[in-house]
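Asks: Pasting in a structure now, in structure tokens, and then I'll have a few things to ask.
Every read-out reported here was derived from the displayed coordinates using simple, explicitly stated rules and does not represent laboratory data. Given the structure is predicted, the values throughout are model-derived calculations rather than measurements. Here Cβ is always computed from backbone atoms with ideal geometry, including for glycine, and neighbour counts include all displayed protein chains.
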Amino acid sequence: MDVTSRLAVVGIAALVAFPALSEVPDMSRRPLGAESRAGVRSATAPHALAVGAVSHLLLPTSANVNGAYGAVFKTKVSIFNAVDATYQIRMGLSVADGEIEARSLTIGPFETVTFNNVLQDVFGYYGGGAIDLDSGNTSHVFIVNSQVYVDTASGRYTTAVQFADDLGAVVPARPGFVVGVSINGSSRTNVGCASNSGYDQTITFNAFDRNGYTVGSPFSFILKAWGWGQVSYTGSLTNGGILIRATQNAVCYGVEVNNLSNDGTFQLATPF
């Protein structure tokens, strides 16, 4: 049975079946690595080189929390099993103190599992954090779509959140860049990182203007092993950028949020 036919068969069941979640057996947290792309992506294959189906990814931010101006932020995550096999995906939740919980998701061949409020549905958690997804098998690849959303009187506003594999990680020799962001009376910018390391590290932010000149003073904080942290970057900035440095390994991002609508624009920090 080909993928198209298989999708037609499992699609109806996926709409009504609740995903099978359980305690994680013996699989422990591990850093993102190139093996997650093994046999799946190359420059000449019909798969994306930098973003695509992988066996291990890090979703750098998610929310189930009350925000500014009366907003209630939630996170929708859809996971598609891209192969004809049933397997388990380890889902680990990281917060400021590190990874605090992990659950195991059983997913069937070509099945799509959707959580409309992933932090509540999977972990029963209120707050913000990062989510590590790992099948532990290079043949068991999946595709993820994620969005943070807020429902308002004017409808739903969503912010697409891009995941990262090891190519998206900020390391000491390769800082990350978030560009074209503003901090003023109309918008605010949050900057955050999810650790991809079993060691504590220091994250440092530097803002720069559109001409590349440093704005204000650097800001640093300690990111715990496998932890997550997000801060509101203060000061004034118009269409500038933020340079992010890590002393170990982390996936970082910036989100520019409209102060009136709470609509946000997510940008995965580009390592360079």
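Asks: Quick one, which of (1) 20.0; (2) 19.2; (3) 23.7 is the actual Kirkwood radius over Cα pairs in Å calculated for this model?
Replies: Answer by label: (2).
Asks: Provide the FRET efficiency to the nearest 0.05 for the residue 234-residue 78 pair, computing r from the beta carbons and using R0 = 30 Å.
Replies: It comes out at approximately 0.30.
Asks: Which whole-number percentage describes the relative contact order of the chain, with Cα contacts under 8 Å and a sequence gap of 6 or more?
Replies: Relative CO of the chain lands at 21 percent.
Asks: Here is a follow-up. Compactness ratio of region 117-195: Cα Rg over 2.2 N^0.38 Å, N = residue count?
Replies: Against the compact-globule rule of thumb, the ratio is 1.38.
Asks: Compute a Gaussian network model of the chain, connecting alpha carbons closer than 10 Å, and tell me which residue from 64, 206, 184 fluctuates the most.
Replies: Among 64, 206, 184, the largest GNM mean-square fluctuation belongs to 184.
Asks: Which order do 125, 199 fall in if you start with the one that has the fewest other Cβ atoms within 10 Å?
Replies: Taking fewest neighbouring Cβ atoms as first place, the list is 199, 125.
Asks: Take the alpha-carbon centre of region 225-272, take the same for region 166-215, and report the distance between them in whole Å.
Replies: 5
Asks: Mind telling me which of 192, 212, 52 comes out most flexible in a GNM of the chain, alpha-carbon contacts under 10 Å?
Replies: Of the options given, 212 has the highest mean-square fluctuation.
Asks: Would you please give the residues with an amide H less than 5 Å from that of residue 161, counting only those at least 5 places away or on a separate chain, with H modeled from the backbone geometry?
Replies: 146, 147, 148
Asks: Under the definition of Cα pairs under 8 Å and six or more residues apart, what whole-number percent is the relative contact order of region 169-271?
Replies: The normalised contact order for region 169-271 reaches 44 percent.
Asks: Would you kindly state how much longer the chain becomes between residue 182 and residue 35 on full extension, computed as 0.36 nm times their sequence separation minus their alpha carbon distance, in nm to one decimal?
Replies: Net length gain for the segment: 49.2 nm.
Asks: Pull out a ≥ b ≥ c, the square roots of the eigenvalues of the alpha-carbon gyration tensor of region 172-227, then state rounded if a/c is under 1.5, prolate if not and a/b is larger than b/c, and oblate in the remaining case.
Replies: The shape class here is prolate.
Asks: If you don't mind, there's one more thing I want to ask. Would you mind checking the tilt of helix 3-16 against the longest principal axis of the Cα atoms of the chain, expressed as 0 to 90 degrees and rounded to 10?
Replies: With rounding to tens, the tilt is 80 degrees.
Asks: May I pose another question? Hey, fewest Cβ within 10 Å first, where do 110, 221, 80 land in order?
Replies: 221, 80, 110
Asks: Nearest 500 deg cm²/dmol is fine: what mean residue ellipticity at 222 nm does the chain get from its DSSP H runs of n ≥ 4 alone, each adding -39,500 (n - 2.57), divided by its residue count?
Replies: Here the helix-only value at 222 nm equals -2000 deg cm²/dmol.
Asks: While we're on this one: If you average 1/r over all unlike Cα pairs in region 169-271 and invert the result, what Kirkwood radius do you get in angstrom?
Replies: 13.5
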